[in-house]
Amino acid sequence: MARPRVPAAPDPAAARLGPLLTRRFFARSVHAVAPELIGATLLFEGVGGVIVEVEAYHHTDPAAHSYGGQTPRNAVMFGPPGFAYVYRSYGIHWCVNVVCEAEGSASAVLIRALEPTHGVDAMRARRGLDDARLLCSGPGKLTHALGITIAANGLPLDLAPFAIHRRRAEPDIVTGPRIGITKAADYPWRFGLRGSKFLSKPFPR
């Protein structure tokens, strides 16, 4: 049975969170959206944390899944902005992306790492470890910790079970080359929170 598409429920810690991001936020250049996600809080069914690392993928980018055209796997990327694109990486891990730009652009931002802040006990149970630094320090780790699977593919980011809260302060952002790809690997389209101990990999100095 499909999940009900209802507005995300208010978070108990809402006083510490910014307002929810709407689909209009994502209807912009992927290169504008990606750095502005650093410091935002991503929740899935109330579990999640502060986004500390992302990567941008533009439709003209040889490393983007959409570069070769639309397929059943990447179809969500070609739809309207503000929806989740979930795929399996290396046949093992789920990865979650946010679709950006105008419909048909097929550009998205990969969420690479979070600082766990909500539902940490649930994350520890799912991941089978205690160290908070390792719970969400990678795209596959964070989906496992949050319980995100292919069932979330195509779901809107401004409705439950997703909730993304706008950051309240301007973070210190560092940029660098993307990770784990062979095409366009030198593009400096990886963004992170400078000094964060929750990154998937340190940025070059």
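Of note:
- Residue in region 57-73 that is assigned to a helix (DSSP H, G or I) and either more than 26 Å from P177 (Cβ to Cβ) or over 12 Å from the mean Cα position of the chain (by Cα) (or both) present: no
- Of all the listed residues (G154, G140), the sole one being in contact with a Phe, Trp or Tyr (Cβ under 9 Å, 6 or more places away or on another chain), at pLDDT 95 or above and in a helix (DSSP H, G or I) is G140.
- The number of residues in region 157-180 being among the aliphatic types (A, V, I, L, M), under 16 Å from the mean Cα position of the chain (by Cα) and in a loop (DSSP other than H, G, I, E, B) comes to 3.
- Flag if K197 is under 26 Å from Y67 (Cβ atoms) and among the basic types (K, R): no
- Flag for G49 being surrounded by 23 or more Cβ atoms within 10 Å (Cβ to Cβ), of a type outside the set (A, V, I, L, M) and more than 14 Å from N97 (Cα to Cα): yes
- Positions within region 180-194 being surrounded by fewer than 17 Cβ atoms within 10 Å (Cβ to Cβ) and over 17 Å from E36 (Cα atoms), in sequence order: G180, I181, T182, K183, A185, D186
- Taking region 128-150 as the range and being surrounded by fewer than 17 Cβ atoms within 10 Å (Cβ to Cβ) and without any contact (Cβ under 8 Å) to a residue 24 or more places away in the chain as the test, the residues that pass are G128, L129, D130, D131, L134.
- Restricting region 151-179 to residues that are among the charged types (D, E, K, R) and touching a helix residue (DSSP H, G or I) at 6+ places or on another chain (Cβ under 9 Å), the residue that is surrounded by the fewest Cβ atoms within 10 Å (Cβ to Cβ) is R168.
- Options A34, A9, A2; residue that is farther than 14 Å from F83 by Cβ, assigned to a helix (DSSP H, G or I) and either modelled with pLDDT of 75 or more or over 19 Å from the mean Cα position of the chain (by Cα) (or both): A34
The values are calculated or read from the model by the stated rules, or taken from the named source; none is laboratory data. The shown structure was predicted, so the numbers you read here are calculated from the model rather than taken from an experiment. Please note: Cβ atoms are built from the backbone with ideal geometry, for glycine as well, and neighbour counts cover all protein chains shown.
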